[in-house]
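Here the structure comes first, spelled out in structure tokens, and everything after it is commentary.
The values are calculated or read from the model by the stated rules, or taken from the named source; none is laboratory data. Keep in mind that what you see is a predicted model, and the values were worked out from it rather than measured. Methodologically, a virtual Cβ is constructed for each residue, glycine included, from the backbone with ideal geometry; neighbour enumeration extends over all protein chains shown.
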Ligand SMILES: [Zn+2]
């Protein structure tokens, strides 16, 4: 149940406006800004080699919608994760720059692993303890966010009329598979992005969302931007210190070259349990192969696109997720691990867990925001939501074209469905910081914004 205050906040944030003669005209501004980390910056929060070289630059790509109440923004970032205070910093800085509220800025990370994780509180905890471990460089974070906010502000002057939304989808062949597969009828969860074991690659694909979805935004006959979304961890190989937007960035770049006048964006869908593992043994040449398949999907979705007159309204539901209660996840246990963890990364994991716990204790809910374009919706889910949530969102609105991005607020880590807890005896990866029972909360929040 929403408290009365929350209900009022949801109502206040819900301001439907239809483009038409009597209404203010909708406009769209777009921007692109580089957010590549410096050499030496940790990748994946210190879990793998830091940046030794830049294979390709990392970007933040933004869309700003004007004319439907206060501005609304979608910002897709080629970082691994943006968490807790860092997530608020991104949203608040952009919101201030374009004159809107934090809740109306939908930031997602694309989750490439050879890329930064940003978590202000966790990094400060490591520094307070003089731990010698590092998750991120706070000075770089500030610089990157300042640059993005400026790009967003500068883009406002370039806004163009927005008259139509285009919707198109296509199956992507041989990219995504589920981490979970059955062997002799028993479930296993160990199919990772690069799977060297042939027998694991040979197992069934498992639950995925086979469709890449493309939302396009038009000024009459001119396509201003295309936002693509697909559910998979976006890595071919990683951990060698080569900063990269990986195969999804490569595919996006190819689309951008094909349609230079149209801004191309990519948002990873709910991909907590989907990876390229079935189709990828980790060989370096697979990056280009997977990029080619993604690009085929993007192109086919574009070719299947149908345009419709656009409407725009916004809804957001506050969602409280509980911190994980399993053994090893109490504040005392995490503090002990922060102080005496055997590897630097143990300390990082403890700091990330404590950061999320503090956020829960502070009572700040996770926002579940949605932009409603009439014939299509763009829904942003937090962290490493399992793909089943993306499929459930689409099932909630079978009449409509529901595009789902994952990796909004990344504080929770993996957000599994209940079956995963049961099948793993309550013992999931230590990258999961939420309690059992999150599935019901996720479903309720999705229903609230999708059904209204
Ligand atoms: Zn992940």
Report task. Please tell me if residue 97 is under 15 Å from residue 144 (Cα atoms) and surrounded by fewer than 24 Cβ atoms within 10 Å (Cβ to Cβ). Result -> yes
Query raised in the report: Hey, among 280, 273, which residue is in contact with a helix residue (DSSP H, G or I) (Cβ under 8 Å, 6 or more places away or on another chain) and at pLDDT below 95?
Result: 280
Report summary line: Picked from region 422-435 (must be more than 14 Å from the ligand (Cβ to nearest atom) and modelled with pLDDT of 95 or more), the residue nearest to residue 382 (Cα to Cα) is 434
Requested in this report: Restrict the check to region 376-394 and report whether at least one residue is part of a loop (DSSP other than H, G, I, E, B), more than 16 Å from the ligand (Cβ to nearest atom) and either free of Cβ contacts under 8 Å to residues at least 12 places away in the same chain or over 14 Å from the mean Cα position of the chain (by Cα) (or both).
Outcome: no
Query raised in the report: Across region 437-452, what is the total count of residues that are crowded, with 18+ Cβ neighbours inside 10 Å and either in contact (Cβ under 8 Å) with a residue 60 or more places away in the chain or within 16 Å of the ligand (Cβ to nearest atom) (or both)?
Result: 8
Report task. Please verify whether region 73-82 includes one or more residues that are farther than 27 Å from residue 354 by Cβ, surrounded by fewer than 20 Cβ atoms within 10 Å (Cβ to Cβ), in contact (Cβ under 8 Å) with a residue 40 or more places away in the chain and out of contact with any helix residue (DSSP H, G or I) (no Cβ under 6 Å at 6 or more places or on another chain). Result -> no
**Report entry** From 402, 375, residue being surrounded by 17 or more Cβ atoms within 10 Å (Cβ to Cβ) and in contact with a helix residue (DSSP H, G or I) (Cβ under 6 Å, 6 or more places away or on another chain)
**Finding:** 402
Query raised in the report: Taking residue 236 and the conditions (1) out of contact with any strand residue (DSSP E or B) (no Cβ under 6 Å at 6 or more places or on another chain); (2) buried (at least 18 other Cβ atoms within 10 Å of the Cβ); (3) touching a residue at least 60 places away in the same chain (Cβ under 8 Å); (4) in a loop (DSSP other than H, G, I, E, B), which numbered condition does it fall short on, given that it satisfies the others?
Result: (3)
Report summary line: Within region 395-420, residues being in a loop (DSSP other than H, G, I, E, B) and without any contact (Cβ under 8 Å) to a residue 60 or more places away in the chain number 5
Query raised in the report: For region 88-106, does any single residue satisfy the condition of being within 16 Å of the ligand (Cβ to nearest atom), under 11 Å from the mean Cα position of the chain (by Cα) and not in a loop (DSSP other than H, G, I, E, B)?
Result: no
**Report entry** Meets criteria (modelled with pLDDT of 95 or more and within 16 Å of the ligand (Cβ to nearest atom)) for residue 119
**Finding:** yes
Requested in this report: Please state which one of 109, 155, 115 is crowded, with 21+ Cβ neighbours inside 10 Å and more than 19 Å from the chain's Cα centre (by Cα).
Outcome: 155
Query raised in the report: Looking at residue 26, is it farther than 14 Å from residue 408 by Cα and either modelled with pLDDT of 95 or more or under 15 Å from the mean Cα position of the chain (by Cα) (or both)?
Result: yes
Query raised in the report: Just for strands (runs of 3 or more DSSP E) wholly inside region 260-353: which have at least 1 residues that are within 16 Å of the ligand (Cβ to nearest atom) and either in contact (Cβ under 8 Å) with a residue 40 or more places away in the chain or buried (at least 20 other Cβ atoms within 10 Å of the Cβ) (or both)?
Result: 263-268
**Report entry** Enumerated strands (runs of 3 or more DSSP E) restricted to region 149-223, each holding at least 3 residues that are in contact (Cβ under 8 Å) with a residue 12 or more places away in the chain and within 27 Å of residue 375 (Cβ to Cβ)
**Finding:** 164-171, 211-219
